[in-house]
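The values are calculated or read from the model by the stated rules, or taken from the named source; none is laboratory data. Bear in mind that the values here come from a model prediction, so they are computed numbers and not experimental data. Heads up, the Cβs are rebuilt from the backbone with ideal geometry, glycines too, and the neighbour counts pull from every protein chain shown. The area values use the complete protein model at the heavy-atom level, side chains included, leaving out ligands, DNA and RNA. Shrake-Rupley method; radii C 1.70, N 1.55, O 1.52, S 1.80 Å.
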Amino acid sequence: MERKFRLALVGAGKVAQQCHLPAALSLPGVEVSALVDPALERTRAVADDYGLNPYVTAATEDVVGKVDGALIATPNHLHAEAAVKLLEAGIPVLIEKPIAATVAQGETIAAAAAKTGIPAGVGYCSRFQDNILFMGQLIRDGYFGHINRFVFQSGTRGGWSPLSAYNTGKDTAGGGVVMITATHFLDRMLHWFGMPADSQYFDDSEGGPEANAIMKFRFDRQDGATSAVLRFSKTRDLPGGMVLDTAKGHVYFGEEEDSWPVLSDHAGHHLIIKPEGVDDGALSGLDRFQRQLLNFVRACRQGKDPEVPVDEGLASLRLIESLYSKRQPLVEPEQEPLREEVAL
């Protein structure tokens with residue numbers, strides 16, 4: 001019988017408590033063997049709340065020899081320090097998105113992974129949603145024919161409130177809504193369409209973390225050009241989702257985990273597109289964090305990279321830094337003339 005995979009959670013804050021720890025505890029083949037966090041009293045309280053008796057420490061290097069892999073869920077600017085230490089000690093890592101707060105930090109992780117050959121990946125959990133996996137396959141297979149353009153938007157007032165409040169600082173988070181929220185879609189976009197040939201970027205940062213951002217892209221694909229407009233907000237509630245203008249008609253794809261693409265074809269039909277045999281809900285019965293962790297465990301045991309390797313995590317961060325470098329002011333997002341282009 002295969003022994004349990006000994007997992008360390010590096011960072012015992014909100015995302016670890018609400019997402020990664022429940023996923024780990026739900027999987028019979030995983031054992032939470034260590035919790036690493038400088039707030040030792042709070043971390044021990046978390047272990048007690050879950051009825052655990054892990055090794056609790058403030059130092060990442062203390063888990064060497066005690067675990068088979070580590071999930072890094074610290075603030076963004078601390079990812080690189082923990083990841084490099086663990087990789088150099090021979091411990092595989094799964095890093096909560098984004099890979100780091102800056103490209104330079106991300107490159108140190110990628111270099112350590114390449115030098116050691118130890119499995120390393122980035123936790124873009126939406127890549128493990130059944131509907132997103134299905135939609136990606138449809139796009140890559142050319143199911144809709146040529147995609148002329150697509151739009152995407154996501155917006156909530158306020159949002160994620162981590163215990164460390166790292167997301168309120170540009171140096172600790174790396175940016176605002178783009179680094180915290182948009183990074184999920186940008187990762188999927190690169191996976192589906194590749195790196196854009198051209199881009200424009202607008203936000204309201206004024207020297208701090210941006211709360212609203214609009215970006216425009218052009219992709220030069222084999223079957224012709226595809227344009228895109230994306231909008232993200234932390235001050236407005238926006239109906240989230242993606243609309244594609246394709247050769248077969250317009251396609252709507254919502255953000256919910258049980259949302260499947262809906263094609264409005266040129267004949268006026270509205271077709272819900274699902275994998276064969278699916279009625280409602282997800283295919284696997286597992287949520288995205290469970291599937292992500294299972295993929296990481298399997299990758300570690302097979303000595304290969306997880307589903308989203310560090311190179312792909314670095315690619316999305318490079319795109320974000322490129323956008324920031326060409327920032328144009330978005331003074332009044334409610335009145336921005338691109339608004340109608342991204343309205344769903």
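For the chain, take the longest principal axis of its alpha carbons; what is the angle in degrees between that and the long axis of helix 310-325, to the nearest 10 within 0 to 90? Its long axis makes an angle of about 60 degrees. To put it simply, the accessible area of the chain at a 1.4 Å probe is 49 percent carbon and sulfur. Compared with the direct C-alpha span, the chain from E88 to K304 gains 76.1 nm at full extension, assuming 0.36 nm per residue. By the rule of a C-alpha distance below 14 Å, with chain neighbours fewer than 8 residues away ignored, the aspartates and glutamates paired with K4 are E31, D68.
Of all lysines in the structure, those lying under 27 Å Cα to Cα from K248, and not within fewer than 8 positions of it along the same chain, are K216, K274. If you look at the Cα atoms of region 1-95, you get an Rg and a Dmax of 12.1, 39 Å. Can you give me the angle between helix 103-116 and the longest principal axis of the chain, using Cα atoms only, in degrees from 0 to 90, rounded to the nearest 10? Taking the Cα atoms of the chain, the angle to 103-116 is about 60 degrees. Report the calculated FRET efficiency for L25 and Q137 (r = Cβ-Cβ distance, R0 = 25 Å), to the nearest 0.05. E between L25 and Q137, to the nearest 0.05, is 0.20. Here the peptides 128-137, 52-61 are ranked by packing, the mean other Cβ count within 10 Å, and the order with the highest first is 128-137, 52-61. Taking one quarter of the surface of the C-alpha convex hull of the chain gives a mean projected area of 18.3 nm².
Remark: spin-label model distance L190-I272 equals 3.4 nm, labels positioned 7 Å along the Cα→Cβ axis. Take the chain with all the other protein chains still there, run a 1.4 Å probe, and you get 44 Å² of accessible area per residue. Rg/Rh, computed from the Cα trace of region 31-190 with Rh as the Kirkwood radius, has the value 1.02. Only residues of region 13-55 count here: report those whose backbone N is under 11 Å from the spot 7 Å along Cα→Cβ of D62, or say none. So the set is 35-41, 44, 55. Mean sequence separation of contacting Cα pairs (under 8 Å, at least six apart), scaled by the length of the chain, corresponds to a relative contact order of 19 percent. Between R157, R149, R236, the residue with the greatest mean-square fluctuation in the GNM of the chain (Cα pairs under 10 Å linked by springs) is R157. Dipole magnitude for region 1-60: about 100 debye, using +1 per Lys or Arg Cβ and -1 per Asp or Glu Cβ, origin at the Cα centre. Rank A80, F193, P239 by how far each Cα sits towards the positive end of the charge dipole of the chain (+1 on Lys, Arg Cβ; -1 on Asp, Glu Cβ) and give me just the farthest. Checking the options against the dipole of the chain, the answer is A80.
Along the axis of the charge dipole computed for region 59-213 (Cβ charges of +1 for Lys and Arg, -1 for Asp and Glu, origin at the Cα centre), the listed residues G142, M179, A70 are led at the positive end by G142.
Please state the relative contact order of region 90-162 as a whole percent: Cα pairs under 8 Å, 6+ residues apart? Relative contact order comes out at 31 percent. Taking Cα centre as origin and charging only the Cβ of basic (Lys, Arg, +1) and acidic (Asp, Glu, -1) residues, the dipole magnitude of the chain rounds to 540 debye. Over all orientations, region 114-245 has a Cα convex hull whose mean projected area works out to 10.3 square nanometres.
In this simple spin-label approximation, K248 and D223 carry label points 7 Å from Cα along the Cα→Cβ vector, and these lie 1.0 nm apart.
By the helix-only formula, in which each DSSP H run with n ≥ 4 contributes -39500 (n - 2.57) and the sum is divided by residues, the chain has a 222 nm mean residue ellipticity of -8500 deg cm²/dmol.
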